[in-house]
1. Among the residues of the stretch 224-267, write down those that are open to solvent by 20 Å² or more (accessible area, probe 1.4 Å) and among the hydroxyl-bearing types (Ser, Thr, Tyr).
2. Condition first: polar (S, T, N, Q), outside any helix (DSSP H, G or I) and open to solvent by 70 Å² or more (accessible area, probe 1.4 Å). Now tell me which residues in the stretch 18-50 satisfy that.
3. Among the residues of the stretch 228-246, is there at least one that is modelled with pLDDT of 95 or more, of a type in the set (Val, Ile, Thr), assigned to a loop (DSSP other than H, G, I, E, B) and within 26 Å of residue 142 (Cα to Cα)?
4. Checking residue 343 against (1) surrounded by fewer than 24 Cβ atoms within 10 Å (Cβ to Cβ); (2) among the hydrophobic types (A, V, I, L, M, F, W, C); (3) within 18 Å of the chain's Cα centre (by Cα), which single condition isn't satisfied?
5. Of the numbered conditions (1) without any contact (Cβ under 8 Å) to a residue 12 or more places away in the chain; (2) in contact with a Gly (Cβ under 9 Å, 6 or more places away or on another chain), residue 249 satisfies every one except a single condition; which is it?
6. What about residue 291, is it within 17 Å of residue 105 (Cβ to Cβ), among the acidic types (Asp, Glu) and open to solvent by 40 Å² or more (accessible area, probe 1.4 Å)?
7. Write out, first by first residue and then by second, each pair whose Cβ atoms fall under 6 Å of each other, whose residues are 6+ apart or on separate chains, and whose first residue, in the stretch 170-191, is open to solvent by 30 Å² or more (accessible area, probe 1.4 Å) while the second is assigned to a helix (DSSP H, G or I).
8. What about residue 320, is it surrounded by 23 or more Cβ atoms within 10 Å (Cβ to Cβ) and among the aromatic types (Phe, Trp, Tyr)?
Amino acid sequence: MPDSSSPPTRTRARAPLSARLRPASFGGRPTGERLERIRRSPQYRDGAFRNARPVRMSGPFEMLPMLRDMLRRADRLRRAPAGRLPLAKPAAVTGGPPASGLRVTWLGHASVLVEIDGRRVLFDPVWGERCSPFSFAGPRRLHPVPAELSELGPLDAVVISHDHYDHLDMPAIRALIATDAVFAVPLGVGAHLERWGVPAARLAELDWHESADVAGLTLTATPGQHFCGRGLRDRWQTLWASWVVAGPEHRVYHSGDTGYFPGFAEIGERHGPFDATMIQIGAYSSEYWPDIHMTPEEGVRAHLDLSGGEPGGVLLPIHWGTFNLALHPWEEPVERTVREAGATEVTVAVPRPGESFEPATGLPLDPWWEAFAVRSAARRSAPDPSLNARPADG
């Protein structure tokens, strides 16, 4: 007879075959209480997360002309830098804490390290060679990472804006489990991180307008206008977000990926003013996806909205320079941003990948990218004088 004093043996239920066959890089699918919470979200309607207003994206009939445009040789050459980019070593690696209490380091694309009021927050860490579910295909990095994750030192929070591969990188997340950081993610994205080994107790999984207190900072998920999905059948099943990080003395904003929408002014009114904003200004297309990524001019306008309509704080352009994700020339996003910032008196910082700056004590203003731009023959013969405009120094 069995020993009644021993606990019964439990057989672990096997995951469905579809889940077991799903590549790890695709992440997990929300189930159980997480799925129920998603269904209760005001952003989840008719079986999917929705933007506040309809968005236009490329359909199947636009794929052929888009592919033709992407393969045009002359334009393709202009979508990469002409040479090895000048990287900087982050001050977080080479020096002590920021004297002003706030230091921002652009690590390429949307990856930014923010040292704020004695705490350290890493946004959208992507360290892989490709932003893709596969190691052999997909957009390849245009410059090396400025520093290894292990060099960045201790982290208090890792913040993820959404689950696209150029913002959520499985190898980076797995490496960051070894830190003590809390992972702040939009609703549903926690399923990916749990599948990759992040303990549920270290997840702050938030809907729009929800906040979490982490190490004396307040992290708030705020609205954006985008979409989501890592696999073939899970589009619109996780949420996307912009983020506000507020400390006792300083506040910063990270846009993630978003089209321009009226919500920026409300975010600024609720959570501003901001010492620095990190705004997506690259990978736009007015023809193929006009509503889910901002143009540089829209990015500057978003910064102004976040500032109450008047120039305030420092704008850091992000989401450009590291991966070829659109049809525009490699240098165009930053050049247009600098031009528009000058016209609107917005203070903009233009660091090299890995370069750190303290908004209160000095900004990187050198137009370093100009030496790496592949100019068309027409532009070489008739240069645009406005391209030499310098960022406003505030």
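The values are calculated or read from the model by the stated rules, or taken from the named source; none is laboratory data. Remember, it's a predicted structure, so these values are computed and weren't measured experimentally. Counting neighbours? That spans all protein chains shown, and the Cβs are built from the backbone with ideal geometry, glycine included. These accessible areas exclude ligands, DNA and RNA; they are computed on the full protein's heavy atoms, side chains included. Shrake-Rupley method; radii C 1.70, N 1.55, O 1.52, S 1.80 Å.
1. Result: 260, single match.
2. 31
3. No, the stretch 228-246 contains no residue that is modelled with pLDDT of 95 or more, of a type in the set (Val, Ile, Thr), assigned to a loop (DSSP other than H, G, I, E, B) and within 26 Å of residue 142 (Cα to Cα).
4. All conditions pass for residue 343, except number (3).
5. (1)
6. The answer is no for residue 291.
7. Short answer, once both residue conditions are applied: 170/25; 175/149; 182/202.
8. yes
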